[in-house]
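A short worksheet on the structure shown next.
Nothing in this text is a laboratory measurement; each read-out follows from the coordinates by a stated rule. This is a predicted model, so every value here is computed, not measured. We place every Cβ from the backbone using ideal geometry, glycine too, and count neighbours over all the protein chains shown.
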Amino acid sequence: MINMEKTFWAKNINNESKNQLPPKSIILESDQDWKIIEVGCGTGRVLKYIREVGFIGELYGIDWSMDLLIAAKEKILDARFVEGNILNIPFKNSHFDLAILSATLTCIIDHDELLKVLKEVHRILKVESKLYISDFLITYNLKNIFRYLIGLFKYKKFGVFGAGYQFIHYNEDEIKKYIEEAGFTIIQFNAFKTKTWNNNTHNGFEVICKKLAGVGKCERQHRHAPGLLAKQQDHRRERATG
């Protein structure tokens, strides 16, 4: 199940992920009329970076935590933020030119839900558009092995960890498998050492994929308008900051 523990995110609102940011090349190849969405945008760290490196098109962020979205809105005023479930992204088919998932997959411990999220991202992307993913991989050290074994006992899945809330670290083969099952073609995959928000060294990865023509023909239709929850988000923000 996707980690939607609102209390947890509210308490950790200042603990931003330190994983890899999208390469400037993938952003600067954009046109001024591009639409970029970050799925699981958190406090807006990545979207702020995208604007700072020179992207002038439309920016969108979706997350399930209103606390995180309020913080994101304060960082980047001209982006459109939506509170919503990333299993059912409220945008029409073929709407975006680039999608980004940064430290999002680690919040999805259910493999079926992971595939569903990737298929949703595939659905909302235009043909020939790219998906950039940056996240963590399984890391074999004493601390993590102990946590993974507890998660294996509780949830029957190796790589799950957390008390009261759960995260997961996938291995490289799993990540590639689900990306391809969702209909994407992998262009580039890089593994490296990265930092967690607690400043611990960890295995990480980034992958650039593309949605090709003729894949995912069974996409379902969505009639939600972009920014469907914008007014609701603004109202909650005013209430929270007032």
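For region 143-198, lysine pairs separated by 8 or more sequence positions, or belonging to different chains, with Cα-Cα distances below 23 Å total 12. Note on region 112-168: Rg/Rh from Cα positions, Kirkwood definition for Rh, rounded to two decimals, is 1.13.
What does the convex hull of the Cα atoms come to per residue for region 93-134, in Å³?
Details: hull volume 2.4 nm³, N = 42.
Per residue, the Cα convex hull of region 93-134 comes to 58 Å³.
With neighbours defined as other Cβ atoms within 10 Å of a residue's Cβ, the residues H111, H169 order from fewest to most as H111, H169. Working from label points 7 Å from Cα in the Cα-to-Cβ sense, the N93 to K75 distance is 3.3 nm. Provide, for q = 0.13, 0.15, 0.24 Å⁻¹, the log10 of I(q)/I(0) from a solvent-free Debye sum over equal Cα point scatterers in region 130-200. Summing over Cα pairs of region 130-200 leads to -0.45, -0.59, -1.16. Counting 0.36 nm for each residue step from E128 to N85 and taking away their Cα separation leaves a gain of 13.0 nm.
For region 57-98, the pair-distance distribution built from all alpha carbon pairs, in bins 5 Å wide starting at 0, is 5, 21, 29, 25, 15, 4 percent. Once the gyration tensor of the Cα atoms in region 69-204 is diagonalised, the equivalent ellipsoid follows with semi-axes of 27, 18, 15 Å, ordered largest first.
In terms of its Cα atoms, region 48-143 spans 44, 29, 25 Å along the principal axes, sorted from long to short.
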